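Structure first, then comments.
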Amino acid sequence: MKKTHQLAILRSFLILTILFSSCFLSAQQQTIAPHSQSDFWKKVQFGGGIGLSFGSQYTDISLAPSAIYNFNEYVALGLGAQYTYIKQKNYYASHLYGGSIVALFNPINEIQLSAELEELRVNVNLDGSNSNSQDYWNTGMFLGAGYRAGNVTIGARYNVLNDNNNVYGTAFMPFVRVYF
């Protein structure tokens, strides 16, 4: 069952990658006038997120840049990267890194629907344990919705692949998405 699940995720990832790559290839075939910005780069937006959380002997630092290509005013597809460092003093230190593919749909200007496939490598070093480390992959498939005002979207997303081994505390997560 788990192998079938992994194959379905891999198949979805490959299909999205091929679709996204074909957009880049068709954009490369267009003739560009000298000293003008190509139509491709006019449709690209950059953004992402930064997270900092500090508490009693706890640190959480995240950096997640991303870029999207706007096919039109309704549909965009993009890639993202993520790095997170988490430390709980005298318990564990963890590094999470990986990437994601995100699809955005704006049925009306104020509403944004999203689907995001995320793959993270998780490295956990446990303090004072016979088993000092854990290394594994974590896959998430998030479906979300948000309110959009200009370049900012505020909403929530749900990990449809959530299980007990998920690196997130819950399947439901709020988000703030910014693209320039």
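No value in this document is a laboratory result; all are computed from the given coordinates. Computed from a prediction, not measured in an experiment: that's the story for all the values here.
Things worth noting here:
- Here the average projected area of the convex hull drawn through the C-alpha atoms of region 121-180 stands at 5.6 nm².
- For region 45-178, the equivalent ellipsoid derived from the alpha-carbon gyration tensor has semi-axes of 31, 15, 13 Å in decreasing order.
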